[in-house]
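The values are calculated or read from the model by the stated rules, or taken from the named source; none is laboratory data. All of these numbers come straight from a predicted model, not from anything done at the bench. For neighbour counting, all protein chains shown are included, and Cβ atoms are generated from backbone atoms with ideal geometry for every residue, glycine included.
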Amino acid sequence: MPKERYRAYHAERAKGGVAMTMMAGSAAVSKDSPPVFNNLLVHKDEVVPWMKDLTDAVHEEGAAVMIQLTHLGRRTRWDNAAWTALSCRLTAISWTSSGRP
């Protein structure tokens with residue numbers, strides 16, 4: 001979990017005049033989306049007070065805050081155990097001049 005220094009960094013950017021700052025990089029929205037880059041786990045309740053404090057500090061300086069929410073899919077690596085490759089079958093469609101197949 002980011003600490004006071006991270007909150008202060010974003011507040012200082014806002015104080016310096018940025019219109020919007022992005023916190024937490026890419027934050028994982030679900031426990032079935034395993035973190036791979038030390039992502040913030042926003043599906044945990046414990047993160048809410050920290051996010052509120054950071055957001056309030058940035059808003060006090062007149063800037064907006066955004067966060068990128070991410071779900072990394074079923075697997076984050078191809079070489080994990082029990083990994084199953086998925087494929088799709090492409091079917092060619094012939095379109096007529098009427099726009100119908």
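Could you give me the residue pairs with C-beta distances under 8 Å whose first residue belongs to the stretch 1-28 and is within 24 Å of D45 (Cβ to Cβ), whose second residue is of a type in the set (F, W, Y) and in a helix (DSSP H, G or I) wherever it lies, and which are 6+ apart or on separate chains?
If the second residue must be of a type in the set (F, W, Y) and in a helix (DSSP H, G or I), the pairs left are M1/W50; P2/W50; R7/W50; M23/Y6.
Filter the stretch 1-21 for residues that are surrounded by 14 or more Cβ atoms within 10 Å (Cβ to Cβ) and aliphatic (A, V, I, L, M); which is farthest from E60 (Cα to Cα)?
V18
Can you tell me which residue within the stretch 23-52, out of those that are among the small types (G, A, S) and part of a loop (DSSP other than H, G, I, E, B), is surrounded by the most Cβ atoms within 10 Å (Cβ to Cβ)?
S33
Is it the case that the stretch 50-58 has a residue that's aliphatic (A, V, I, L, M) and modelled with pLDDT under 80?
no
Exactly one condition in (1) at pLDDT below 80; (2) in contact with a Gly (Cβ under 7 Å, 6 or more places away or on another chain) is not met by G25; state its number.
Status for G25: all satisfied but (2).
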